[in-house]
Structures are given as C-alpha cells and as structure tokens.
Amino acid sequence: SWYLDGRLLLLITSVCIVFPLALLPKIGFLGYTSSLSFFFMVYFALVIIIKKWSIPCPLPLNFATGFSQISNSTGDCNAQLFNFSKETAYAIPTMAFSFLCHTSVLPIYCELQSPSKSRMQKVANTGIALSFLVYFLSALFGYLTFYDHVDSELLQGYSKYFPRDTVIMTVKLGILFAVLLTVPLIHFPARKAVMMIFFSHLPFSLIHHIFITLVLNAIVVLLAMYVPDIRQLFGVVGSTTSTCLLFVYPGLFYLKISTEDFISWQKLGACALLIFGLLVGLLSLSIIMYSWVHH
C-alpha cells in the first residue's frame, strides 16, 4: 500500500508541512513549533529511561536482529566508561553536529522582544543546557539498555524487541513531528546564506525566496531518501562543517578581531580551539573514509 512506502510518506510530509513552514519570511512563529518539538524530545527521553527496566540483559537467545541472532553473555552487560574503536570517529562529529546552533543565533536575536547581549546569552545557555540534558539522558539509558548492541538509530533497537509496542510508536510519531517542525528553523539561515552569497546585490525577490527554499528542501529530501545510515551523514557533516563552525571559525575570528598580544591567554585559547578543531575534524574524517574503503 502507498501509505507503507516510507519514501512516499517522506515526500508528502515534506511538501505539506516542511515546505510551507520553510517559506515563512521570519522565524518568530517557529518559536511555538520548536517548543512543541522540545516537549516531544522530553517524552522520547522519558520513554528511553523507563524502557531500561523493560528489556533484560543478557538479551534472550531468540532475540533476532534482522536475519541474525544475538545472544548476549553476562559480560556484555557491564558498562564501559571509555571504549575507543573506529566507531569513536563518529562520536565527536555527531556531538558537534548536535550542538551546532550557531547559524540560528542572529535570527533568534532579531526576534527577541528587547534584543541584548545578556538576554541572548541567557537564551543560548538555557537552550544548550536543555539540549544537553535530553541528549545525555537518552544516550546514557539507551547504552545501558543495549550496551554493545545499541543501534545507530536508537529506536530501532526498541522496535525489534517490542515490534508492536504502542508507546514506542507514539515516540516515533513524536520524533517525526519534532524533526518536521524544527527543520524550517535550521533551513532559515541556510536560505539566508545562499541569498547573501548570490543575490546580495539585488532587492528582495519572492521568486528567489521560493526557488532557494524549494532547492534546499529538495536536497534534504533526496539525502533522507537515499542515505542508508544516518550515522554516516552525521559523521561526514560533523567532521567537516560542524567542527569548522564550532571550533575552527570562532578561533580564527577571535585571532582576527582581537587587539591583544599573541601570548595572551585569550589568543592562546583561540589557537588551542583552532588546532583542536582541525585535528578532530581531519582525524575523524580520515577514520570514517578508511572504514568506508574497508567496509
């Protein structure tokens, strides 16, 4: 049936929900949809925490993943504080991608009732703290549930163990709406950047606005349809653009605009941030490419 075709449903929801929201000229209205998305993510974290005590460890011998059978030993149920492997190359880029909110700072600042540096700092601190709490609790209890068998798409593991669980289905729907409602917020600065690069010398044009929105949404939908594992996308984007925006560019900008001596603590910190970003990005991307070649 057509309603069971994931790609068709993705296309329909993108055209009917994401595209109209992305067409909005300002992001003030998206504050309401983003609040709703946050509550969906809180619900997701709470279910992950509660389900920790619903799945036994070791996993049952008849627990199947795809077409292969998994049988855990009791040794697999011991949490490891540090576990370095080639999979670690995906961890830092994914974390960098998750906390990449820099592109939305200026649009959000412009939408504040009384814009000021202190108010924007409070908004940023609150948003990052809440995001970190939800990410941390979801990752921690997801790992403590499946340990070495945790899936890159966390909810897939719960669906395999609870194939017809109503709560898991509602979480999936919540995540669906959370993503659909927050994509336009991320899309706004992307469209603004394209317009500034190619059409900054021209007055605002509704045709340009719609065309750029359509092209950007089409690229996102195609990636969502044909990228088999979201971890690969997070790894590549996180190790390139995210590390640059989080570590490299802030360090470079500070070195550029600062008038302090080069041996000052502030400039040394900026240099350390710059070097750290370059090392993390290059190392992670190299390991990811190596794993692709030898997969």
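Just so it is clear, none of the values below were taken in a lab; they were calculated from the coordinates. Fair warning: this is a prediction, and the values are worked out from it, not measured in the lab. Don't worry about glycine lacking a Cβ; one is built from the backbone with ideal geometry, like all the others, and counts go over all protein chains shown.
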For the chain, built as a Gaussian network whose Cα springs stay under 10 Å, the top-fluctuating residue of SER114, SER37, SER14: SER114
Where the Cα pairs of the range 95-199 fall when distances are cut into 5 Å bins, in %: 2, 9, 14, 18, 17, 13, 10, 8, 5, 2, 0
Selected from GLY269, GLY174, GLY235 as most flexible by GNM, with the chain as the system and alpha-carbon contacts under 10 Å: GLY269
Diffusion constant of the range 132-184 at 10 °C, which comes from Stokes-Einstein with the Kirkwood Cα-pair radius and 1.306 mPa s, µm²/s: 131
Added length on full extension, which subtracts the Cα-Cα distance from 0.36 nm per residue, ALA79 to LEU202: 38.5 nm
Relative contact order (%) - the chain, alpha-carbon pairs under 8 angstrom, separation at least six: 31
Cysteines (scope the chain) whose Cβ has no counterpart Cys Cβ under 4.7 Å: CYS16, CYS101, CYS110, CYS244, CYS271
Cα→Cβ-extended label distance, 7 Å offset, between LYS172 and TYR249, nm: 3.6
The chain: Cα Rg divided by the 2.2 N^0.38 Å rule of thumb: 1.12
Cα principal axis extents for the range 235-295, largest first, Å: 49, 16, 11
Per-q log10 I(q)/I(0), the range 95-141, q = 0.20, 0.23 Å⁻¹ (Debye; single scatterer per alpha-carbon; no solvent): -0.70, -0.83
Charge tally in the Cβ shell below 15 Å around PRO115, where Lys, Arg are +1 and Asp, Glu are -1, PRO115 excluded: +3
Column: log10 I(q)/I(0), Debye, Cα scatterers of the range 144-295, q = 0.11, 0.17 Å⁻¹: -0.73, -1.19
FRET E, pair ILE210, PHE132, Förster distance 41 Å, beta-carbon r, rounded to 0.05: 0.70
Reach of LYS52 by Cα under 24 Å, taken over lysines that are not fewer than 8 positions away in the same chain: LYS160, LYS172
